[in-house]
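> Please find one structure pasted underneath; my questions will follow.
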Amino acid sequence: MPGTISTKIELQERIKELSCLYEISSIIRDHTGEIAATLQKISEVLKQAWRFPENAIVELKLNGFEHSTGEIPKKNVVQQAPIYTFNEIKGSIKIYYPDPEFSLLSFLPEEQKLLEKAAQEIGSFYEKIKQKEQEELLRRTVHRNDRLAILGEITAGIAHELNTPLGNILGFAELIKDRAENEQTKKDIGKIIKGAIYSREVVKKLMFFACEIPQEMKIIRIQPIIAQALSLLKPNFRKAGVECHFRVLDKRIEAQLDPIQLTQVLFNLLINALYFSPKGSAIEVKLYRDGTSFFIEIADEGPGIKEELKSKIFEPFFTTKPIGDGSGLGLSVVHGIIRSHKGNIVAFDNKPQGTVFQISIPLRN
């Protein structure tokens, strides 16, 4: 077992420790790319700073990242230090020696100080990286909000300009259809009417997206609103061959919101779920609450949303539906309504297949 050390060896150890801290600082300063790669380099540098580097195993853990410089011996002695980020312990650095060849006396007090200093450097490095990521996310959010504000002004003008000609097209097309005697002409005019109605619905969504619609906030029970929406959509479910299951964990849930806007949210999400649901499948609607918010989940058994598209689905004019089947405004309108209620909406994978849209809205605004 390693014994006491001479003054010469002790001096050599101090030089190794100072060199280690310098190398760690250099690695952090030169950091580019993945955090994991930088942490692995630091682990290798730390290994060489210990008194017996050929026997030392470094294990570094930080917020889900794990790396060791070798296989940790089943019987071991360990020297360790916690890693703090944002005043919370988020990881640790541990140095292992095999037991019984080594004991706790094999670790030097100065090595413990070095380990704590390294943990402090890693924690500060991780905090700076995360702060930069948050700043970049905030910058992108502000940029996106500016673009949406401009887009809102443009779409509001377009929507108002389109309303009058669309009304004329629809009115005259219906008049011509009533007077037409040829069946083919009636079918052709029917297509014009169908296209005009679809365009008018798009304009309505544009206006809703672009304008601040006055809200009529009331304290109401949530379960009856969902039940009514499902009742109105029964023919749609029947036609699609899709079942609907409504699970209510608390029928007494009340919240302050605009009931008409919540109904519009439900209609948009349910019709969207129906569109992607295969025949013979089921859609589950669940209502529950926690201390401050209530939650509505709408889960389908469709093909699901590709991972690379999940960040785009609430953007205006983005759609995965074929041209003519979707305007790309439904989910952006839903997102706007939920945010105006100080709530949130997220989409995640259903198991084993499909998508779940989860709405959370505060009980009191």
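The values are calculated or read from the model by the stated rules, or taken from the named source; none is laboratory data. Bear in mind that the values here come from a model prediction, so they are computed numbers and not experimental data. Positions of Cβ are backbone-derived with ideal geometry, glycine not excepted, and every protein chain shown enters the neighbour counts. Remember, those area values only see protein heavy atoms, side chains included, never the ligands or the DNA or RNA. Shrake-Rupley method; radii C 1.70, N 1.55, O 1.52, S 1.80 Å.
> Listed residues 196, 173, 159, 149; which is of a type in the set (A, V, I, L, M, F, W, C), part of a helix (DSSP H, G or I) and modelled with pLDDT of 85 or more?
On the way: 196 fails: modelled with pLDDT of 85 or more; 159 fails: modelled with pLDDT of 85 or more; 149 fails: modelled with pLDDT of 85 or more.
Matching residue, one of 196, 173, 159, 149: 173.
> Take the residues in the stretch 37-51 that are out of contact with any strand residue (DSSP E or B) (no Cβ under 7 Å at 6 or more places or on another chain) and under 18 Å from residue 102 (Cα atoms), then tell me which one is surrounded by the most Cβ atoms within 10 Å (Cβ to Cβ).
For the stretch 37-51, the residue satisfying everything is 49.
> Pick from 260, 296, 283, 313: which is under 25 Å from residue 237 (Cβ atoms), open to solvent by 60 Å² or more (accessible area, probe 1.4 Å) and touching a residue at least 24 places away in the same chain (Cβ under 8 Å)?
On the way: 296 fails: open to solvent by 60 Å² or more (accessible area, probe 1.4 Å); 283 fails: open to solvent by 60 Å² or more (accessible area, probe 1.4 Å); 313 fails: open to solvent by 60 Å² or more (accessible area, probe 1.4 Å).
From the options 260, 296, 283, 313, the qualifying one is 260.
> Only residues in the stretch 16-45 that are under 16 Å from residue 123 (Cα atoms) and among the polar types (S, T, N, Q) count as the first member; pair them with residues that are open to solvent by 20 Å² or more (accessible area, probe 1.4 Å) and assigned to a helix (DSSP H, G or I), Cβ under 8 angstrom, at least 6 apart or cross-chain, and list the lot.
Within 8 Å, the pairs are 25/121; 38/27; 38/28.
> Are any of the residues in the stretch 253-262 at pLDDT below 80, of a type in the set (S, T, N, Q) and either under 30 Å from residue 164 (Cβ atoms) or touching a helix residue (DSSP H, G or I) at 6+ places or on another chain (Cβ under 9 Å) (or both)?
Step one: of the stretch 253-262, the residues at pLDDT below 80 are none.
No: the stretch 253-262 contains no residue that is at pLDDT below 80, of a type in the set (S, T, N, Q) and either under 30 Å from residue 164 (Cβ atoms) or touching a helix residue (DSSP H, G or I) at 6+ places or on another chain (Cβ under 9 Å) (or both).
> Here's a follow-up. Taking the criterion of being open to solvent by 50 Å² or more (accessible area, probe 1.4 Å) and within 21 Å of residue 18 (Cα to Cα), would at least one residue in the stretch 54-74 satisfy it?
Checked the stretch 54-74: at least one residue is open to solvent by 50 Å² or more (accessible area, probe 1.4 Å) and within 21 Å of residue 18 (Cα to Cα).
> Being part of a strand (DSSP E or B) and open to solvent by less than 40 Å² (accessible area, probe 1.4 Å) is the filter; apply it to the stretch 334-357 and report the residue that is farthest from residue 276 (Cα to Cα).
Start the filter on the stretch 334-357 by keeping residues that are part of a strand (DSSP E or B), which leaves 344-349, 355-357.
Within this subset, residues satisfying the condition of being open to solvent by less than 40 Å² (accessible area, probe 1.4 Å) are 345, 347, 355-357.
Details: 345: 19, 347: 14, 355: 10, 356: 12, 357: 13 Å.
Of everything passing the filter in the stretch 334-357, 345 is farthest from residue 276 (Cα to Cα).
> Are any residues in the stretch 82-110 over 27 Å from the mean Cα position of the chain (by Cα) and buried (at least 20 other Cβ atoms within 10 Å of the Cβ), and if so, which ones?
If we filter the stretch 82-110 for residues that are over 27 Å from the mean Cα position of the chain (by Cα), which is where we start, we get 82, 92-110.
93, 95, 96, 97, 102, 106, 107 - these are the residues of the stretch 82-110 that are over 27 Å from the mean Cα position of the chain (by Cα) and buried (at least 20 other Cβ atoms within 10 Å of the Cβ).
> Under 7 Å by Cβ, and 6 or more places apart or on different chains, what pairs join a residue from the stretch 343-363 that is under 19 Å from residue 253 (Cα atoms) with one that is part of a strand (DSSP E or B) and charged (D, E, K, R)?
Going by the 7 Å Cβ cut-off, the qualifying pairs are 358/297.
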